[in-house]
Every structure is written in C-alpha cells, then in structure tokens.
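Inspection log for the structure reproduced underneath, given as structure tokens.
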Amino acid sequence: MKEDTTRIEAFSDGVFAIAITLLILEVRLQHVGSAGRLSTALFALWPYYFAFALSFFVILVTWMAHHQLWRLVRGTSRSVQLANGCALFYVTFIPFPTAVLAANLGGAEAETAVAFYCGTFALGSAAFNLLVEMIARSHLFRPEVDVMTVGRIRRGYRITFVFYVSATLLALVAPYVALALTIGVRLFLLSIRYQPAPVAPAAVS
C-alpha cells in the first residue's frame, strides 16, 4: 500500500532536530575552584567543541541528503518505512559516539574512540543504502526520476560506505587522518546531484 510521504518526512525531521540538539548537552563546564582559571577550564574542553562541531556538520549533511532523497519519492511502503527507521536509528545514536570521541580525543584510547565514531557512520551509510534500495525496489521514485539519476545516487552512497569502512580501519593507526577523511566524505555527499538532468526541448521542424 502506497501512502503520502508527508508524515514520514515530518517524523524524520523531528528525529534529526532532536539528535542535533542533544549534541550540545555533552559540552559541560566543570566546576572551577578558587585555584582554577575559567579560561583554562574553557580551553580544556576543546575535544568537546571539536566533537560537537564535527557531529553537527555530519547530522546537517545527513539531513540534507535525506531531504533531497525524499523529494524524489512519491509514496511509502512498509519496507521503505522500516528502512527509513534504520536510518533514523543511526541518526539518534550519533550523540553517543560523539560523547565517546570527545571524552577520549587526545588520550590513550583515541584510536578506539575514533574507530567507534567512524564505524557508526559506516553503519549509517549502510542504512541509507538500504533505504535507496527499498525505494527503488518498491518503484516509489517519481516518474520524472530517470534510471541515470537513481544510478548516480546509488553509486554515491556506495562510495560513501566504502570510505567510511576505510576510515574505521584507518582510525586504528591514524585517528586524526580518519577524522579528516570523515569530513571529506561529508563534502562528497554534498556533491551528489539528486535532480534529473533537464530534458532538451524537441526541435521544431
């Protein structure tokens, strides 16, 4: 049974909004005693600032990709709703690996924390690949969305998954390089074109 996408988009937007708001809750200033300086305490929070900014960017780009994808969809089905639920499960989970990253960045467990962080995105990428496949198999792309457009989106999402798996493995030996790769993947996601190529008008004889 096909349904309108309005409710699923509204629900998804709510989940994104809550997840991106929860990120700031992990940035907490510890009590500064009489012997401490506020400036020192604020500077010591740099891993939390960094993790917050990075995950905010990640969720923002994820929301943009999700929004662009749903603009191409004309209805939903049970399988598509479940696949979208997997994508939202990933989004709601992001604040936790963000907190782990912030607490361990620069410490002895930085490699593990970054690998956990990047691994979360690999699973999220898998969820988005599943969502695209379910939409395609349910024949729910709008009529004007051609095969080339769907293929371009599929390739982009699959490339993203491969890079996130690579970043997860790279984090075990070079965590900061893996984080840089994470930023690069998000910039790549922004470059994916979702709109079909315009059809040239027929020549008048």
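The values are calculated or read from the model by the stated rules, or taken from the named source; none is laboratory data. Worth saying up front: this structure is predicted, and the values here are computed from it rather than measured. Glycine gets a Cβ as well: all are built from the backbone with ideal geometry, and neighbour counts include every protein chain shown.
Results, tabulated for the structure shown:
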item	result
Some residue of the range 155-164 being buried (at least 18 other Cβ atoms within 10 Å of the Cβ) and of a type in the set (A, V, I, L, M)	no
Sole residue being at pLDDT below 95 and within 25 Å of residue 189 (Cβ to Cβ), chosen from 54, 69, 105	105
Yes/no for residue 101 being crowded, with 17+ Cβ neighbours inside 10 Å, in contact with a Phe, Trp or Tyr (Cβ under 6 Å, 6 or more places away or on another chain) and assigned to a helix (DSSP H, G or I)	yes
Subset of the range 67-90 (residues that are over 18 Å from residue 139 (Cα atoms) and either among the hydrophobic types (A, V, I, L, M, F, W, C) or surrounded by 15 or more Cβ atoms within 10 Å (Cβ to Cβ) (or both))	85, 86, 87, 88, 89, 90
Residues that are touching an Asp or Glu at 6+ places or on another chain (Cβ under 7 Å) and modelled with pLDDT of 95 or more, drawn from the range 174-205	175
Failed condition for residue 172, given (1) more than 19 Å from residue 80 (Cβ to Cβ); (2) part of a helix (DSSP H, G or I)	(2)
